[in-house]
Amino acid sequence: MLAQRLPTSCRSSTLWPRQQLLHLRSGGTARIVCGASSSKQPKPGSDRVSSASESEPAYAYSDPVNQFLGQFLPSNRAAKDELAGVDFDQPKLSGRSIQEMADLVEAGLSKSQWFVTGQVDPRLFSDSFAFKDESVATTGIRAYATGVRKLFDQATSKVELITVEAQPDAQAVVVTWRLEGRVNLPLKPKIKPYVVTTTLGVDPATGLINSQVDEFSVPGWDLLLSILLGEGFGAKPAPPVEELRAAAAAGGGKAAAAKGSRR
């Protein structure tokens, strides 16, 4: 998942049909995360889907470049083997409020950094979970976790949380965070640090996360070219997370953090 993705910390009623984009609404309160950062809707991808079998999750790529580069990532089997410790059959934590889910998400990300490690907490996710960002879409929490694990170099990649927002009116939890590290392409190219806004849609019937939409502070083509050509290309890298947290604290949440990332 080129441009997919967690932290060192101190501390939508709308269901998303498969391969469809969650329609987001705003509202809710935010808190600044002490530890472990906008928002145009990503465009739906094409119908190009990688080959799928029981051992090969299906990924729909938005363009042929990302689809081509995906062939050079580690195998799905290798990623699944690395995630053998994740129990995907755990009982679900259904019936939680949006705020309770936000607390669980924050605690889980702070512990396992699943946006880059794939070590998700399956108890929080609906069986109908679907993911999309500017470059790829997939369905199922196993496929998402496998794709994340394949993409990111585990020795260098990290997520630094900026804010976690409970948005009851939108039936969503919104996480803003800073990503940096390397990807598992040949020579392990470095990712230009940037800010991601992750919207986790929550099914009101179950209280479980049924969708994830990731949006970036810089265009996907900029990120792709910086991976291929070097960090000096295009937009400036996101500033240190301390600056982004300060901007969020002063300006009221994710919009301020995203603005700070473009300075």
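The values are calculated or read from the model by the stated rules, or taken from the named source; none is laboratory data. Computed from a prediction, not measured in an experiment: that's the story for all the values here. No Cβ is skipped: glycine too gets one built from the backbone with ideal geometry, and neighbour counts run over all protein chains shown. Surface accessibility is based on the protein's heavy atoms, side chains included, excluding ligands, DNA and RNA. Shrake-Rupley method; radii C 1.70, N 1.55, O 1.52, S 1.80 Å.
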*Every residue from segment 183-199 that is open to solvent by 30 Å² or more (accessible area, probe 1.4 Å) and touching a Phe, Trp or Tyr at 6+ places or on another chain (Cβ under 7 Å)*: P186
*Would a scan of segment 213-225 turn up a residue that is modelled with pLDDT under 90, surrounded by fewer than 22 Cβ atoms within 10 Å (Cβ to Cβ), in a helix (DSSP H, G or I) and of a type in the set (D, E, K, R)?*
yes
*Contacts under 8 angstrom Cβ, first residue in segment 172-183 being small (G, A, S), partner in a strand (DSSP E or B), 6 or more apart*: A172/T199; A172/L200; A172/G201; A172/V202; G181/F152; G181/K158; G181/K190; G181/I191
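For G207, are the conditions met, namely being of a type outside the set (S, T, N, Q), open to solvent by 20 Å² or more (accessible area, probe 1.4 Å) and either farther than 26 Å from G251 by Cα or outside any strand (DSSP E or B) (or both)? Give the steps one after another, and end with the answer.
Details: of a type outside the set (S, T, N, Q): yes; open to solvent by 20 Å² or more (accessible area, probe 1.4 Å): no; either farther than 26 Å from G251 by Cα or outside any strand (DSSP E or B) (or both): yes.
Answer is no for this residue.
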*asked:* Just to check your reading of the model, which residue among V116, V136 is more than 19 Å from E160 (Cβ to Cβ) and open to solvent by less than 10 Å² (accessible area, probe 1.4 Å)?
replied: V136
*Unmet requirement for C34, which otherwise passes all of (1) under 17 Å from the mean Cα position of the chain (by Cα); (2) hydrophobic (A, V, I, L, M, F, W, C); (3) at pLDDT below 90*: (1)
_What's the total number of residues in segment 226-247 that are part of a helix (DSSP H, G or I) and within 23 Å of D133 (Cα to Cα)?_
6
